[in-house]
Every structure is written in structure tokens, then in C-alpha cells.
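First the structure, in the form of C-alpha cells, and then the observations on it.
The values are calculated or read from the model by the stated rules, or taken from the named source; none is laboratory data. Quick caveat: nothing in here was measured; it's all calculated off a predicted structure. Backbone-built Cβ (ideal geometry, glycine too); neighbour counts: all protein chains shown.
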Amino acid sequence: MSFPISAGLLDSMVLAIVSAEDTYGYEITQTMRKAVDVSESTLYPVLKRLQKGKLLETYDKEYMGRNRRYYRVTPSGKAQLEDFRKQWKEHKEKVDGILLKETEIKKEEPKIEEKEEVLPQEA
């Protein structure tokens with residue numbers, strides 16, 4: 001079973017990857033694929049959205065004779081990432097509390113008192 005990935009979760013994962021080290025799109029995709037099924041065509045709109053929101057910025061760098069566009073997290077992006085991490089921790093704890101609970105919750109059934117039937121005594 002695979003769980004759907006929201007835009008917010010994608011944003012937070014990209015910010016986390018890029019905050020660890022400035023990197024380029026293909027490398028971000030490969031890192032993301034360790035956890036979720038994501039294509040480059042899905043990732044590039046996320047990168048554009050984060051740039052537009054001033055959470056990421058780009059610069060070009062030569063790598064093996066080619067220019068590559070690298071991404072780095074802005075100060076606003078770092079602050080947003082910390083907020084995402086806090087929200088994720090709270091969300092995860094709530095979900096874990098349900099999914100990973102080892103004891104079953106049993107509804108308390110009303111107790112029915114059994115009365116001993118008293119029979120007339122024979123004389």
C-alpha cells in the first residue's frame with residue numbers, strides 16, 4: 001500500500017534535502033525516491049513553487065564541464081523547514097498513537113447482575 005503525498009510534505013522533504021547540502025534537481029529526485037515514488041516531472045514544479053515563495057534560491061555551478069542549476073535554502077526556507085518539522089512530529093505522534101497502539105480498545109460492556117432464583121421450599 002502506498003500513501004498519497006501532499007504538496008506540503010513534498011515541500012518539506014525538498015527543503016530538508018537541500019538544507020543538508022546545496023544540490024541539483026536530479027540528485028534531489030534520487031534522494032526523494034528512497035522514501036517516496038516521485039518523478040523529476042513532479043519535482044520541478046515543487047522546486048519552482050519553493051523558489052517563488054523565496055524558500056529556495058538557485059545558482060549555476062560547473063560540474064564535469066557542464067553548468068548545473070544548484071538549489072540552496074534561504075533563511076525563510078530554514079524557518080519554514082523548522083515549522084514543517086514541528087508539525088510533522090505532532091502529526092506523526094497522533095497517527096502512531098492510533099496505528100501502532102498494541103492493545104485493543106475494548107468497549108466496556110454493561111454488567112448484568114445475575115440474581116439467584118429462589119424457589120419455594122417444599123414442606
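Computed values, structure above
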| quantity | calculated |
| --- | --- |
| Qualifying positions in the range 35-48 - charged (D, E, K, R) and over 18 Å from the mean Cα position of the chain (by Cα) | Glu40, Lys48 |
| Test: residue in the range 32-54 that is of a type in the set (Asp, Glu), in a strand (DSSP E or B) and either on the phi < 0 side of the Ramachandran plot or at pLDDT 95 or above (or both) | no |
| Residues being closer than 21 Å to Ala7 by Cβ, aliphatic (A, V, I, L, M) and loosely packed, with under 13 Cβ neighbours inside 10 Å - total across the range 21-71 | 1 |
| Residue list for the range 1-22, restricted to those being under 10 Å from Val73 (Cα atoms) and out of contact with any Gly (no Cβ under 9 Å at 6 or more places or on another chain) | Val14, Ala16, Ile17, Ala20, Glu21, Asp22 |
| Filtered residues of the range 63-121 (kept if β-branched (Val, Ile, Thr) and either modelled with pLDDT of 95 or more or touching a Cys at 6+ places or on another chain (Cβ under 6 Å) (or both)) | Val73, Thr74 |
| Test: residue in the range 62-69 that is in contact with a strand residue (DSSP E or B) (Cβ under 9 Å, 6 or more places away or on another chain) and of a type in the set (A, V, I, L, M, F, W, C) | no |
| Sole exception among (1) assigned to a strand (DSSP E or B); (2) closer than 22 Å to Lys86 by Cα; (3) hydroxyl-bearing (Ser, Thr, Tyr) for Thr58, by number | (2) |
| Residue list for the range 10-20, filter: buried (at least 17 other Cβ atoms within 10 Å of the Cβ) and either without any contact (Cβ under 8 Å) to a residue 24 or more places away in the chain or outside any helix (DSSP H, G or I) (or both) | Met13, Ile17 |
| Looking only at the range 57-77, and only at residues there that are charged (D, E, K, R) and touching a Ser or Thr at 6+ places or on another chain (Cβ under 9 Å), the one that is nearest to Ala16 (Cα to Cα) | Arg72 |
